[in-house]
Structures are given as C-alpha cells and as structure tokens.
Amino acid sequence: MTRDELPLLHLEVSALGPLFEVVPESLRVGVHGVLVSSGGLSGVLLPQVAVEHGFSRETFLEHACRKAGLPPGAWRGADCEIRAFTATLISEED
C-alpha cells in the first residue's frame, strides 16, 4: 500500500461469537459464519461473505470446503464437522 492509497483504505473488524455445532439445514445465511473441518483441514467464512457474494446455504458451505482445501461437497460427508458462529462487524464508520 502506498501513501496515496491510504485514503481508499476501509477498516473492518469482525468480533466472533462462540462456535457451536450446527446441522447444515440450521445454518442461516447472513447471520452465521461457518467453520468446516475434515481430515485435519479446516476453512472459515465470515457471515458477510455469503451476503456480499449472493451465496445460498449450499454454495456458502461449498466455498468454506474449498477454502479448507476440501472438495466442494465435503460438507455432506459424515466425517465433516460443521460449526457456526455469529459475528459483530465493527467498521471505522461506526
């Protein structure tokens, strides 16, 4: 980043709530973030990612799997652990 780009910088912090186990059907797009884990790999997506990209619940889970280095449908497997969390977004406009 250069000095000239500094005015374009937008800072956001997501304060994460506690993790809890969730079945895919209970995952609420735009409300919950997700952590998928399987075989020692894990991937996390914040709640706002689904909203920003217009993801459905299934697409959100697929992208979390990809982020973990897992096949997109890994979230459907019995060995895949799905946990959710909420997040409070704090931005410099607040």
* Asked: Over the chain, what is the mean sequence separation of C-alpha contacts under 8 Å (at least six apart), divided by residue count, expressed as relative contact order in percent?
  -> 41
* Asked: Taking the C-alpha atoms of the chain, how large are the radius of gyration and the largest Cα-Cα span, Dmax, in Å?
  -> 15.0, 50
* On a 0 to 90 degree scale, rounded to 10, what angle separates helix 57-68 from the longest Cα axis of the chain? -> 80
* Asked: Residue farthest toward the positive end of the dipole of the chain, with Cβ of Lys/Arg at +1 and Asp/Glu at -1: which of Thr86, Ser42, Gly17?
  -> Ser42
* Asked: In debye, nearest 20: dipole of the chain around its Cα centre with unit charges on the Cβ of K, R (+) and D, E (-)?
  -> 360
* Structure fact -> The exposure ranking of Ile82, Ile90, fewest beta-carbon neighbours within 10 Å first, is Ile90, Ile82
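Read the figures in this text as sums done on the coordinates, not as results from a lab. All of these numbers come straight from a predicted model, not from anything done at the bench. A quick note on method: Cβ atoms are made from the backbone with ideal geometry, for glycine too, and the neighbour counts reach across all protein chains shown.
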